[in-house]
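In what follows, a structure is listed as structure tokens, so that the remarks can point back to it.
The values are calculated or read from the model by the stated rules, or taken from the named source; none is laboratory data. Computed from a predicted model, the values in this text were never measured in an experiment. Neighbour counts are summed over all protein chains in view; Cβ atoms, including those assigned to glycine, are modelled from backbone coordinates with ideal geometry.
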Amino acid sequence: MDTPNFKAEAEALFDELVQLRRDFHRHPELGFQETRTSGIVADTLDRLGFEVQRGVGQTGVVGILEGGRAGPTLLMRFDMDALPIEEANETDYVSQNPGVMHACGHDGHTAMGLAVARIMARYQPHLAGTLKFLFQPAEEGLGGALAVIAGGALDHPRPDVALAMHLWNSIPYGKIRATPGPAMAASSVFTLTVYGKGGHGAAPHKSLDPILAAAHIVAALQSIVSRNIDPLDSVVVTVGQMTAGTTFNVIPDKAILKGTVRSYDNELHHLVYRRILEMAQNMAAAFRCQTSMETVAIVPAVDNAPAPTQVVKAAAARVVGQQNVVEGRTMGAEDMGYILEEIPGCYFFIGSMNEEKGFVYPHHHPQFDFDERAMINGVATMLQAAAHYVFP
Ligand SMILES: [Zn+2]
Ligand SMILES: [Zn+2]
């Protein structure tokens, strides 16, 4: 069978993509609460003739489209959750749910997933293989990928390849980014508690001040990247939260620091944590305080396998032209990393920034919005890449 013109098919669905995306945008739902969204997804897949599993990892949906002939199983994953952000846009599709906003573009991802499903359903008898659509909840730091994996999303059938994409406002509309190897960082969170001895603010000599110790620790941690990491490697250490004290004239008992570490490499991650602990303990000791540290791994690096990445790049070149297919990395993190630890695949980025139209705000910004035409590029690239695996 000749490969269809997927760009034209995606373009023909543009109005529907916009309508769907705006509907999801008006009704954003936080992680593991995506009941309305996943209901629409499941009902749509049902109507298209997919075998549908609801409630995968709480609010996730799996839709399976078995082709008329045997072949590989391809997983395509789309995330559905919104963020606890008050939207500051003034569009007619602004969030109707106070304090909740699709500020990352997952409304677009869900719409694109349904468009890909709808177009692929037309070719069902001709497909050689199985398409597994995973609509994942709770990507934004809540563990949605782990939940759907625990819920069996990667079993029966086990995918041979996994693809996912993100609309991306750091890249202009018209470009697509696919990078072999680590494309997004491993991310973890640490909590350092500094214990002192409380007392009167006017009698500091009778207490052990954990705020002073914590302040020195924050400053010292910033030397880890500059003094302990090879300048050619990439690591981030950020302290984003500092909590201590109740009022101006009381020295508190303890201070709490929370931060994140990002890197592309697990060994570097371990090195950084060894240094954080050494510095925190010794710096605290210098002020006669003590520390304890807790860490939580959030996600592993998004590590793209070479072969599927090559397939995506070739597919993207068909859609936007070779000169618009780029490579690059970000220190952002994505729980697709968990899926790519189990299944080789590619996570790629669809340029959605458009300065002329004012779509310039970054992801997670209260004025985030994207060029909706980017959805055509996303749908067409996903279809084209999928065709590589399941079109005979
Ligand atoms: Zn996000
Ligand atoms: Zn996102």
When (1) among the aromatic types (Phe, Trp, Tyr); (2) within 16 Å of ligand 1 (Cβ to nearest atom); (3) outside any strand (DSSP E or B) are applied to TYR347, the one that fails is (3)
Between HIS156, HIS166, which is in the same structural domain as LEU30 (by TED's automatic domain parsing) and within 16 Å of ligand 1 (Cβ to nearest atom)?
HIS166
If TRP168 meets every condition in (1) within 15 Å of ligand 2 (Cβ to nearest atom); (2) assigned to a strand (DSSP E or B); (3) surrounded by fewer than 23 Cβ atoms within 10 Å (Cβ to Cβ) apart from one, which number is that one?
(3)
If I filter the stretch 350-364 down to residues being surrounded by fewer than 17 Cβ atoms within 10 Å (Cβ to Cβ) and within 16 Å of ligand 1 (Cβ to nearest atom), which single residue comes out as farthest from THR309 (Cα to Cα)?
HIS364
Could you please find all residues in the stretch 79-104 being within 16 Å of ligand 1 (Cβ to nearest atom) and in contact with a Lys or Arg (Cβ under 9 Å, 6 or more places away or on another chain)?
SER95, HIS102
Failed criterion for HIS109 (all others in (1) in contact (Cβ under 8 Å) with a residue 40 or more places away in the chain; (2) away from ligand 2 (no atom under 15 Å from the Cβ); (3) in contact with an Asp or Glu (Cβ under 9 Å, 6 or more places away or on another chain) hold)
(2)
Being in contact with a strand residue (DSSP E or B) (Cβ under 6 Å, 6 or more places away or on another chain) and touching a residue at least 60 places away in the same chain (Cβ under 8 Å) narrows VAL272, VAL320 down to just VAL320
Taking ALA111 as the residue in question, decide whether it is more than 16 Å from ligand 1 (Cβ to nearest atom), surrounded by fewer than 20 Cβ atoms within 10 Å (Cβ to Cβ) and of a type in the set (A, V, I, L, M).
no
Matching residues in the stretch 138-152 (within 16 Å of MET76 (Cβ to Cβ) and either within 16 Å of ligand 2 (Cβ to nearest atom) or not assigned by TED's automatic domain parsing to the domain that holds ILE64 (or both)) number 4
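I'd like to check something: does the stretch 298-305 contain any residue that is of a type outside the set (Gly, Ala, Ser) and free of Cβ contacts under 8 Å to residues at least 40 places away in the same chain?
Scanning the stretch 298-305, I find no residue that is of a type outside the set (Gly, Ala, Ser) and free of Cβ contacts under 8 Å to residues at least 40 places away in the same chain, so the answer is no.
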From the options THR193, THR130, THR110, residue that is touching a Phe, Trp or Tyr at 6+ places or on another chain (Cβ under 6 Å) and either part of a loop (DSSP other than H, G, I, E, B) or polar (S, T, N, Q) (or both)
THR110
Scanning the stretch 246-259 for residues that are in contact (Cβ under 8 Å) with a residue 12 or more places away in the chain and surrounded by fewer than 18 Cβ atoms within 10 Å (Cβ to Cβ) gives PHE248, ASN249, VAL250, ASP253, ILE256, LYS258
